[in-house]
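The structure appears below as structure tokens.
The values are calculated or read from the model by the stated rules, or taken from the named source; none is laboratory data. A quick note: this is a predicted structure, and the numbers were derived from the prediction, not measured. FYI the Cβ positions are ideal-geometry reconstructions off the backbone, even for glycines, and counts take in every protein chain you see.
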Amino acid sequence: MCVTCGCGEAGDQGVRVTALGEHEHEQVHGHPHAHPAVDTLVLEERVLARNDHLAEHVRAWLAVRRILAVNLMSSPGSGKTSLLERTVAHLAPTREVCVIEGDQETTYDAERIQRAGARAVQVNTGAGCHLDAGMVQRALEALAPDAGSLLFVENVGNLVCPALFDVGEHAKVVVISVTEGDDKPLKYPHMFRAADLVVVNKTDLLPYVDFDVDALTQRARSLHPGVTVLPLSVRTGDGTDDWYAWLDRLASTHDTPREGAVHGAAVRP
Ligand code: MG
């Protein structure tokens with residue numbers, strides 16, 4: 001839990017939002033720190049309640065612009081950015097795609113997305129181990145996505161804190177690679193309980209590792225009954241059609257408000 005590790009208390013101090021190709025600007029907003037005597041549980045509830053409030057504003061802002069937002073979460077190195085690069089290359093000819101990249105440091109991933117053909121903004125969280133709704137709010141101001149676009153949020157790589165923070169997305173996707181082990185749902189239940197989709201990446205490596213896709217599926221479904229599990233290989237492209245089909249289904253079931261309401265909601269409360 002973020003309050004336990006301390007990053008939930010940090011507010012957005014030191015968080016840096018970088019819109020590539022534009023003037024880099026640092027936004028630092030201090031928040032009063034909780035009194036040290038405040039009980040951890042109360043602090044945890046306060047942090048999450050504030051986040052949930054901001055997340056609803058983000059969702060309202062996205063809704064009037066008919067923007068569908070997907071929050072990608074995983075361990076570092078499972079292939080989130082590679083999946084997005086492939087997805088951008090596939091979808092960009094037919095629909096507007098943009099990406100908010102979250103990492104503690106560097107703009108590497110936003111640069112990769114930009115090279116793949118989509119606009120991207122990098123959020124560097126400093127010591128923080130997750131993106132929150134306030135960071136996404138500020139990233140959206142920098143990104144200014146077109147109405148009707150598909151927005152991906154690539155969260156900071158870990159299977160713990162990102163699961164707890166609503167960033168205003170419409171769907172949460174967890175990516176797990178076959179090199180990580182099929183026991184991860186049981187070790188990180190919050191993540192797999194929260195996920196609307198489980199992507200199993202690097203299936204081209206299955207002959208070389210002890211990873212049982214059926215066991216992973218059964219464990220994920222013990223936490224989230226019926227959750228869809230999509231094995232694929234970003235490297236070879238096997239299974240990626242199922243991923244695109246899942247995105248299409250999500251877009252088709254997404255509630256789209258009427259045209260012309262685009263200026264109706266402010267990104268900030
Ligand atoms: Mg990445």
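Scanning the stretch 147-166 for residues that are part of a loop (DSSP other than H, G, I, E, B), in contact with a strand residue (DSSP E or B) (Cβ under 8 Å, 6 or more places away or on another chain) and more than 16 Å from the ligand (Cβ to nearest atom) yields a single hit, 149. A residue that is touching a helix residue (DSSP H, G or I) at 6+ places or on another chain (Cβ under 6 Å), small (Gly, Ala, Ser) and either in a helix (DSSP H, G or I) or surrounded by fewer than 15 Cβ atoms within 10 Å (Cβ to Cβ) (or both) cannot be found anywhere in the stretch 198-216. Pairs meeting the criteria (first residue in the stretch 200-215 and small (Gly, Ala, Ser), second residue crowded, with 20+ Cβ neighbours inside 10 Å and part of a loop (DSSP other than H, G, I, E, B), beta carbons under 7 Å, at least 6 apart or on different chains) are 215/182. Checked against (1) assigned to a loop (DSSP other than H, G, I, E, B); (2) surrounded by fewer than 24 Cβ atoms within 10 Å (Cβ to Cβ), residue 186 passes all but condition (1). Tallying residues that are within 16 Å of the ligand (Cβ to nearest atom), in contact (Cβ under 8 Å) with a residue 40 or more places away in the chain and polar (S, T, N, Q) within the stretch 91-141 yields 6.
Filtering the stretch 76-90 to residues that are charged (D, E, K, R) and either closer than 15 Å to residue 230 by Cβ or more than 16 Å from the ligand (Cβ to nearest atom) (or both) leaves 80, 86.
Being in contact with a Pro (Cβ under 7 Å, 6 or more places away or on another chain) and either in a helix (DSSP H, G or I) or modelled with pLDDT under 95 (or both) is the filter here; which residues of the stretch 219-250 pass it?
Within the stretch 219-250, 219, 220, 223 qualify.
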